[in-house]
Amino acid sequence: MADGSHERWGSQLEYLLSCLGYAVGIGNIWRFPYLCYRNGGGAFLIPYFLTLVICGIPLVYLETTLGQFASAGCISIFNINPLFKGAGYAVILVNIIATTYFAAIMSFPLLYIYHSFTSPLPWQSCGNSWNTDRCSELTGNSTSVIGNTGAVTTPEDEFFHIRLLQMSPSIHEIGGIVWPLFCCNLICWVFVYLCICGGVKSVGKIVYFTVLFPYVVLFALFIRGVTLPGAGQGILYFILPDWSQLKNPKVWADAATQIFYSLGPGWGGLVSMASFNKFHYDNLRSSIIIPIVNSGTSIWAGFVVFSVLGFAAERAGVPVSQVATAGPGLAFITYPAAVTLMPAPNFWAITFFVMLFFLGIDTMFVTIEAVITGLLDEYPKLHRRRKLITLMTCLILFSISTICNTKAGLHIIGLLDSHVAIACVPIVCIMELVAAVYTYGQDKLRTDVLFMTGRPLKRFWLILWRYILPVILMVVAGYSLREASGIAGWCVALASVVCIPFFAAKTIYMSRGPLLQRIKENCRANALWGPAETEVRAQWNTFRKKKLHVSLDILNNHADK
């Protein structure tokens with residue numbers, strides 16, 4: 001338990017913006033639009049919004065409630081069930097792995113911004129020193145596909161893979177450091193450190209710009225996109241519903257997976273951000289606003305992306321389906337190809353990549369803050385050296401991330417991105433649910449929420465947390481694990497998960513008594529669980545002891561209304 005010195009947001013708007021910056025990221029641009037198009041267009045929004053209500057919002061509400069109540073990071077919130085504390089360390093490890101490749105991805109927009117000041121744009125045509133004899137420019141009579149990596153390639157594809165990344169044939173050929181990527185990676189980390197070194201006080205101020213600016217850019221791109229010839233064709237491809245897709249279980253699984261990974265529960269960021277709230281802040285409203293704004297941004301980004309893809313398809317004389325891709329290819333090959341066909345291509349290229357950079361950098365802020373907050377809350381003596389801990393964390397993570405600045409970097413990024421969280425994150429969320437609702441107890445949880453916010457906890461949330469969400473999370477985990485491939489993939493997927501049984505075994509071993517008694521005792525909240533501020537903790541103890549029966553009667557009466 002902290003001694004009351006835990007940092008606080010300067011205002012609740014800073015908290016809201018930080019959570020939005022964490023939730024709204026590059027995936028809203030390069031993953032959701034294609035996912036929606038591939039899974040039935042407008043029809044996909046039905047399972048998407050259902051899972052948002054049933055899965056996304058309740059998980060955000062639970063995590064922010066636990067983090068705010070205990071003013072604790074991703075490790076210390078498991079004081080509510082010490083046997084599960086390994087899940088907190090698993091979160092730290094999964095964030096370290098994720099930051100390793102995500103920082104490298106953030107180098108790409110910086111490089112593109114640099115090259116976007118060249119006229120004409122260097123990826124606009126073949127005939128450059130890096131182009132191969134397979135390079136074919138996209139013209140109105142072209143039958144090639146943007147981003148095609150087969151017999152014919154485009155200048156945009158070769159610029160990205162050959163000129164910028166100097167990409168090796170496989171992950172087994174690491175090659176040397178690509179120094180322009182290394183330098184951009186270094187710039188990215190210096191920027192991150194300067195923004196977070198002051199803790200939430202500095203993060204809370206910088207997010208006013210880094211979160212709001214991408215929305216200004218997205219609005220400008222939206223206006224430009226929908227006014228381009230062919231934009232309507234692209235938007236129709238995006239939203240035209242294919243109702244037959246709703247019969248496909250994979251569509252529902254994709255919707256749940258997208259909601260789950262887009263909002264970020266189980267990653268520690270939401271817990272960390274909520275831990276800096278004032279204790280009596282009513283977090284329910286923000287827990288609804290954040291997922292809704294995140295989903296709305298994804299849909300809005302879909303209109304922006306597909307309006308431009310429709311324009312590119314019309315100019316190239318090919319169907320929209322041939323220019324619609326997902327992942328880095330959309331952001332760094334397809335969209336740059338479309339930009340070259342627009343008036344003032346340099347301006348729109350710079351605008352787009354600046355937006356990508358700020359979308360990603362906000363996610364990095366919170367991800368790294370989750371690691372630091374988790375460690376500092378678990379080891380309070382380190383609080384006095386916060387700036388040094390932040391510097392060392394950034395240096396260590398930067399050093400690890402340089403593996404993704406090699407010629408095999410994109411292969412490594414693909415391996416890590418597709419496997420790092422598929423097992424750990426759903427399992428962590430399940431353990432949070434079990435700890436809060438089953439072992440701690442729903443009656444205690446309802447009492448705590450009433451004491452903290454003055455708002456009775458509706459039975460709606462408890463039903464979802466107790467019965468519905470564990471099933472959904474197990475389905476998501478099982479569905480995701482089907483995508484694991486090879487020994488390397490399984491190693492990445494399970495690397496952080498091993499923390500959970502390891503720390504559970506260690507906790508049981510260090511306890512006394514028969515095995516079942518040890519397990520039972522360690523599933524109970526320990527003395528460190530509760531409000532961090534001394535005065536509030538005293539009030540909480542009084543509330544629990546003297547008013548427990550009365551508060552439960554109030555809860556039951558309100559919940560039944």
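The values are calculated or read from the model by the stated rules, or taken from the named source; none is laboratory data. Because the structure is predicted, anything quoted here is derived from the model rather than measured. As a convention, Cβ positions derive from the backbone with ideal geometry for all residues, glycine included, and neighbour counts pool all protein chains shown. Side chains are part of the model used for accessible areas, which takes the heavy atoms of the whole protein and leaves out ligands, DNA and RNA. Shrake-Rupley method; radii C 1.70, N 1.55, O 1.52, S 1.80 Å.
Per the conditions (1) in a helix (DSSP H, G or I); (2) closer than 30 Å to Ala527 by Cα; (3) open to solvent by 10 Å² or more (accessible area, probe 1.4 Å), the sole criterion not satisfied by Gly10 is (1).
Scanning region 485-537 for residues that are within 29 Å of the chain's Cα centre (by Cα), of a type outside the set (A, V, I, L, M, F, W, C), crowded, with 16+ Cβ neighbours inside 10 Å and farther than 22 Å from Phe69 by Cβ turns up Gly489, Ser496.
Okay, residues lined up against (1) more than 30 Å from Ile171 (Cα to Cα); (2) in contact (Cβ under 8 Å) with a residue 40 or more places away in the chain; (3) assigned by the TED database to the domain that holds Val216:
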{"position": "Leu330", "(1), (2), (3)": "no, yes, yes"}
{"position": "Pro345", "(1), (2), (3)": "yes, yes, yes"}
{"position": "Phe358", "(1), (2), (3)": "no, yes, yes"}
{"position": "Thr367", "(1), (2), (3)": "no, yes, yes"}
{"position": "Tyr379", "(1), (2), (3)": "yes, no, yes"}
{"position": "Arg385", "(1), (2), (3)": "yes, no, yes"}
{"position": "Thr390", "(1), (2), (3)": "yes, yes, yes"}
{"position": "Gly409", "(1), (2), (3)": "no, yes, yes"}
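Of the candidates Gly269, Gly264, Gly204, the single residue that is under 27 Å from Tyr37 (Cα atoms), open to solvent by less than 50 Å² (accessible area, probe 1.4 Å) and in contact (Cβ under 8 Å) with a residue 40 or more places away in the chain is Gly264. Only one residue in Lys444, Lys458 is out of contact with any helix residue (DSSP H, G or I) (no Cβ under 7 Å at 6 or more places or on another chain), farther than 30 Å from Ala104 by Cα and not polar (S, T, N, Q), so which one is that? Among Lys444, Lys458, only Lys444 is out of contact with any helix residue (DSSP H, G or I) (no Cβ under 7 Å at 6 or more places or on another chain), farther than 30 Å from Ala104 by Cα and not polar (S, T, N, Q). Of the residues making up region 70-97, those that are open to solvent by 10 Å² or more (accessible area, probe 1.4 Å), part of a helix (DSSP H, G or I) and either of a type in the set (D, E, K, R) or closer than 30 Å to His161 by Cα (or both) number 3.
State whether one or more residues within region 432-452 are within 23 Å of Thr373 (Cα to Cα), within 23 Å of the chain's Cα centre (by Cα) and not in a helix (DSSP H, G or I). The answer is no; no qualifying residue exists. The conditions of being in contact (Cβ under 8 Å) with a residue 24 or more places away in the chain and crowded, with 22+ Cβ neighbours inside 10 Å are not met by Ser244.
Any residue at all in region 147-165 that is of a type in the set (Ser, Thr, Tyr), in a loop (DSSP other than H, G, I, E, B), modelled with pLDDT under 90 and open to solvent by 30 Å² or more (accessible area, probe 1.4 Å)? Checking region 147-165: at least one residue is of a type in the set (Ser, Thr, Tyr), in a loop (DSSP other than H, G, I, E, B), modelled with pLDDT under 90 and open to solvent by 30 Å² or more (accessible area, probe 1.4 Å). Pairs are defined by a Cβ separation below 9 Å, a sequence spacing of at least 6 or placement on different chains, a first member in region 444-473 that is not assigned by the TED database to the domain that holds Asn541 and of a type outside the set (A, V, I, L, M), and a second member that is modelled with pLDDT under 90 and not in a helix (DSSP H, G or I); the pairs so defined are Arg446/Pro456; Arg459/Asp560.
Could you list all residues from region 414-430 that are farther than 27 Å from Glu63 by Cβ and either touching a residue at least 24 places away in the same chain (Cβ under 8 Å) or not in a helix (DSSP H, G or I) (or both)? If you could, list the steps in order and put the result at the bottom.
Just the residues of region 414-430 that are farther than 27 Å from Glu63 by Cβ, to begin with: 414-415.
Across region 414-430, the qualifying residue is only Leu415.
For region 300-310, indicate whether the set of residues that are touching a Leu at 6+ places or on another chain (Cβ under 7 Å), open to solvent by 20 Å² or more (accessible area, probe 1.4 Å) and either at pLDDT 95 or above or more than 30 Å from Val60 (Cβ to Cβ) (or both) is non-empty. For region 300-310, residues touching a Leu at 6+ places or on another chain (Cβ under 7 Å), open to solvent by 20 Å² or more (accessible area, probe 1.4 Å) and either at pLDDT 95 or above or more than 30 Å from Val60 (Cβ to Cβ) (or both): absent.
Is it fair to say Gly175 is of a type in the set (Gly, Ala, Ser), part of a loop (DSSP other than H, G, I, E, B) and in contact with a Ser or Thr (Cβ under 6 Å, 6 or more places away or on another chain)? Give the steps one after another, and end with the answer.
Working: of a type in the set (Gly, Ala, Ser): yes; part of a loop (DSSP other than H, G, I, E, B): yes; in contact with a Ser or Thr (Cβ under 6 Å, 6 or more places away or on another chain): yes.
Yes: the conditions hold for Gly175.
Looking at Leu457, Leu473, Leu481, Leu462, just one residue is at pLDDT 90 or above and closer than 29 Å to Ile97 by Cα, and that residue is Leu473.
Each row is one residue, and each column tells you yes or no for (1) under 15 Å from the mean Cα position of the chain (by Cα); (2) of a type outside the set (A, V, I, L, M, F, W, C).
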residue: Gly41; (1), (2): no, yes
residue: Pro47; (1), (2): no, yes
residue: Thr51; (1), (2): no, yes
residue: Ala72; (1), (2): no, no
residue: Asn81; (1), (2): no, yes
residue: Val91; (1), (2): yes, no
residue: Ala98; (1), (2): yes, no
residue: Ala104; (1), (2): no, no
residue: Leu111; (1), (2): no, no
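For region 209-228, filtering for residues that are touching an Asp or Glu at 6+ places or on another chain (Cβ under 7 Å) and among the aliphatic types (A, V, I, L, M) leaves 1.
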